[in-house]
Amino acid sequence: MADSTPGTDGGEAGEAGEADDDGPELPDVDLPSDAFDAVLDALDDRDPGEPLQFEGFSVARGTKGTDEDLPGGTPDEYVLAAGGRPTGMSERDLHGALAERAPAVTDWYVFERVVGEFGPRRAFLRWIEDADGETVATRYAALAEGIERAWGELKITATITDRGERRYDVRHADDAGVPVDELDAYEDPLDARELVTFDEKGRYRPLKTAPSLAGGWVFPDLGPRDLYEAVETIYPATVANWHREREGELDVTHWRETMERQSGIYGVVKTWDRGEGNEHVDWVAEACCDDSQCLKRREWEYDEETDLDVDGGDGVFPCREPCSVVVSAARKWTRLESEQPRTYEFELTPSEKEQVEDIIDAVADGRIDEIREADTKEGANRYRTRFLRAKLFDDEGNLGGVPTDPDEE
Amino acid sequence: MQSLVIVAHGSHLNPESSAPTYDHADTIRAAGAFDEVRTGFWKEEPHFREVLRTVEGSEIYVVPLFVSEGYFTEQVIPRELRLNGWDVSEWDSDGLSADQATLVAEDIDSEVHYCGPVGTHRAMTDVIVRRAESVTNDADVGDGFGLAVVGHGTERNENSAKAIEYHADRIAERDRFDEVKALYMDEEPEVDDLPEHFESDDVVLVPLFIADGYHTQEDIPEDVGLCEDHTEGYDVPETVDGTRIWYAGAVGTEPLMADVVLERAADAGADVGGALDDVRETTRVATGD
């Protein structure tokens, strides 16, 4: 079973099955009739003599009697070229020859007929098993053991059936090794919409790439297209952007350009850039785009010439422009940051100052639920915080009894 | 390969906002008229900016799940989809008649058919009526009933009121309901005074909104007097000043909305086969006989 006996831990394709000196153990693969029929169809679509390439050999229809008139068979026969002398053969002979080479034929069938041409889907599914770097034999041996890949918080395990079909198990990485029957199992990739809407505390997730995906579910047996759809549903457009980046075509739109484009209630954000540096955008990126907040790797900077001082993170998939969550938050900060600082005077003990810092840290790091109810050593403990409020707030809720607006005194 | 892309507002705060978009996308998928159906959002993902790059097909129809022509359909969506050469004159619309414009989307360097919003399509009239049937659980509702179609007023968008009036007039012409009125949230005639505008004892109130959220779940129920505070909830129907008000919630949640999405794409040239009939049939209110 793919889900309970994964072969590798590192997420690198092609590692499995290479342990012993005899090389990888190639699984037994039968040639399914749909793959064979697809080969015949593909040859029918080709002129006699025009080869259909598989790893290590090719097949063409014979050219005897045509303009080419090469030895090996008529257009009703097939010519298999695999290093030695090409031989003409009947459809039945061809089936036998292809059955002997079922791994290469099923591999062709999976990528050319099942996966198809669509760039992001094809690149993603080939990346999973390193199809552009490893031989069919190595991959099939690795797939027989199970190839694991990480994508955000997902763990994807690719396996192969005895007909050469790819099957994929997708689950939260935290559920690695959990038997399928202990998880909620799903078949339809669109069911993933339900899984991404709320975090494990039942709170709405406005950002799909936030590292707050709840676990407890599994897609135990997806085909290639459904795997792509499940990933697209859980982390929308991440495969398309990752694909563009691999092709060297990622269209990054930096902060300045993004904010200049805004209109309506967001038009105000462009006024936050005052030509006085970009420290404010560093703060935005630190607040919203850190790996602890979003799994995308930020590739956008202040502008084409000016990088931010904050690290973009280590995500597999890129972030190509400030997202709508960042733009909305920036609108709020634009308003707040237009205020001038004032001097407020009130007294805190050293421990109270540190406690205020603890509270800010706990909220910013999302730790408040981890602080135990009676753990009064923690500054952000609820009793400690209520005590601080009781001591320092006046009846109007003013810290230190000092009104926010001095005119209110 | 023919693709449908439904674009909608979405929300950072409210999970109900995108629910109708997903539901209608599923209905259309099941009808099989398109090789793929994708969804894109202003406030959710994939964003308008990135949805087209997730589309595989070459014949792409973009249908905005918005109630009226205005800021979003005329400025935001074309800009974010990067429709080259877009100008609102492409639609040549009087505020109600936007059909489609075929433009190259720079993001994918490929043509897309950018359709008018669902809310102004003539088929939307049927969805409002269907919504009234749903909320009363009566496929023949009309006799003895008034119908209020409610929307924002012109303060936010002058075309918003046009769409409300357009559908209210069309429903009135059918002589099905005893009275049909267009009411507004921020201009006269106001929805707050609903019982004053109707003689009928029963009035179905259908808000022309795409999704349930602040306006349909808090604003309107409180303004109309269905409840003091929305957290208390209300009955359907709820009696206010002697009028039984059947509050329908956002019309956009009505399953028949999928039909309007299909109509928009079909008007723009999509081959939807028998899907229109399928959707009209599968979303029908049970008659109970």
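The values are calculated or read from the model by the stated rules, or taken from the named source; none is laboratory data. Everything numeric here is computed off the predicted structure, so don't read it as measured data. Glycine also receives a Cβ, built like all others from the backbone with ideal geometry; neighbour counts cover every protein chain displayed.
B:Asp109 meets all of the listed conditions (1) over 13 Å from the mean Cα position of the chain (by Cα); (2) at negative phi; (3) of a type outside the set (Lys, Arg); (4) modelled with pLDDT of 95 or more but one, namely (2). Applying the criterion of being surrounded by 15 or more Cβ atoms within 10 Å (Cβ to Cβ) and aliphatic (A, V, I, L, M) to the residues of the stretch A:253-278, the residue that is farthest from A:Glu305 (Cα to Cα) is A:Val268.
The residue list B:Asp92, B:Asp99 contains one member that is out of contact with any Pro (no Cβ under 9 Å at 6 or more places or on another chain) and free of Cβ contacts under 8 Å to residues at least 60 places away in the same chain, which is B:Asp92. So which residues in the stretch B:54-85 are in contact with a helix residue (DSSP H, G or I) (Cβ under 8 Å, 6 or more places away or on another chain) and either of a type in the set (Ser, Thr, Tyr) or outside the structural domain of B:Val104 (by TED's automatic domain parsing) (or both), if there are any at all? Scanning the stretch B:54-85 gives B:Thr54, B:Tyr61, B:Ser68, B:Tyr71.
Being of a type in the set (Phe, Trp, Tyr), more than 30 Å from A:Leu250 (Cα to Cα) and at pLDDT 95 or above, is that true of even one residue in the stretch B:187-206? Checked against the condition, which is being of a type in the set (Phe, Trp, Tyr), more than 30 Å from A:Leu250 (Cα to Cα) and at pLDDT 95 or above, the stretch B:187-206 yields at least one hit. Do the conditions hold for B:Val67, that is, is it out of contact with any Phe, Trp or Tyr (no Cβ under 6 Å at 6 or more places or on another chain) and surrounded by 17 or more Cβ atoms within 10 Å (Cβ to Cβ)? Spelling it out, B:Val67 is indeed out of contact with any Phe, Trp or Tyr (no Cβ under 6 Å at 6 or more places or on another chain) and surrounded by 17 or more Cβ atoms within 10 Å (Cβ to Cβ).
Of everything listed in (1) part of a helix (DSSP H, G or I); (2) of a type in the set (Lys, Arg); (3) touching a residue at least 60 places away in the same chain (Cβ under 8 Å), the single unmet condition for A:Arg167 is (1). Pairs meeting the criteria (first residue in the stretch A:94-122 and more than 14 Å from every other protein chain (Cβ to nearest Cβ), second residue buried (at least 19 other Cβ atoms within 10 Å of the Cβ) and among the hydroxyl-bearing types (Ser, Thr, Tyr), beta carbons under 6 Å, at least 6 apart or on different chains) are A:Leu94/A:Tyr78; A:Pro103/A:Tyr140.
Screening B:Asp175 against (1) modelled with pLDDT of 95 or more; (2) part of a helix (DSSP H, G or I) leaves a single unmet condition, (2). A search for C-beta distances below 9 Å between a residue of the stretch A:197-211 that is facing another protein chain (nearest Cβ under 7 Å) and any residue that is acidic (Asp, Glu) and surrounded by 14 or more Cβ atoms within 10 Å (Cβ to Cβ), counting only pairs 6+ apart in sequence or on different chains, returns A:Pro206/B:Glu44; A:Lys208/B:Glu44; A:Lys208/B:Glu45. Being away from chain A (no Cβ under 12 Å) and within 21 Å of the chain's Cα centre (by Cα) is the requirement here; does B:Ser93 meet it? Here the answer is yes, as B:Ser93 does meet what is asked. Every condition in (1) under 18 Å from B:Val150 (Cβ atoms); (2) out of contact with any helix residue (DSSP H, G or I) (no Cβ under 6 Å at 6 or more places or on another chain) is met by B:Asp277 except one, and the failing one is (1). Counting only residues that are surrounded by 15 or more Cβ atoms within 10 Å (Cβ to Cβ), more than 18 Å from the chain's Cα centre (by Cα) and more than 12 Å from chain B (Cβ to nearest Cβ), the stretch A:304-336 holds 5 of them. Checked against the criterion of being more than 18 Å from A:Ser292 (Cα to Cα), touching a residue at least 60 places away in the same chain (Cβ under 8 Å), touching an Asp or Glu at 6+ places or on another chain (Cβ under 6 Å) and not hydroxyl-bearing (Ser, Thr, Tyr), the candidates A:Pro189, A:Pro220 yield just one match: A:Pro220. Looking only at the stretch A:227-258, residues that are in a helix (DSSP H, G or I), among the small types (Gly, Ala, Ser) and either more than 28 Å from A:Pro189 (Cα to Cα) or within 12 Å of another protein chain (Cβ to nearest Cβ) (or both) come to 1 in all. Cβ-Cβ contacts under 6 Å between residues 6 or more apart (or on different chains), taken from a first residue in the stretch B:40-68 that is more than 9 Å from every other protein chain (Cβ to nearest Cβ) to a second residue that is among the polar types (S, T, N, Q) and crowded, with 23+ Cβ neighbours inside 10 Å, are listed as B:Pro64/B:Thr73; B:Leu65/B:Thr21; B:Phe66/B:Thr73; B:Ser68/B:Asn159; B:Ser68/B:Ser160.
Counting only strands (runs of 3 or more DSSP E) wholly contained in the stretch A:41-116, the ones carrying 2 or more residues that are modelled with pLDDT of 90 or more and surrounded by fewer than 21 Cβ atoms within 10 Å (Cβ to Cβ) occupy A:52-54, A:57-61. Confirm whether A:Arg342 is outside any helix (DSSP H, G or I), loosely packed, with under 13 Cβ neighbours inside 10 Å and in contact (Cβ under 8 Å) with a residue 60 or more places away in the chain. In short, yes.
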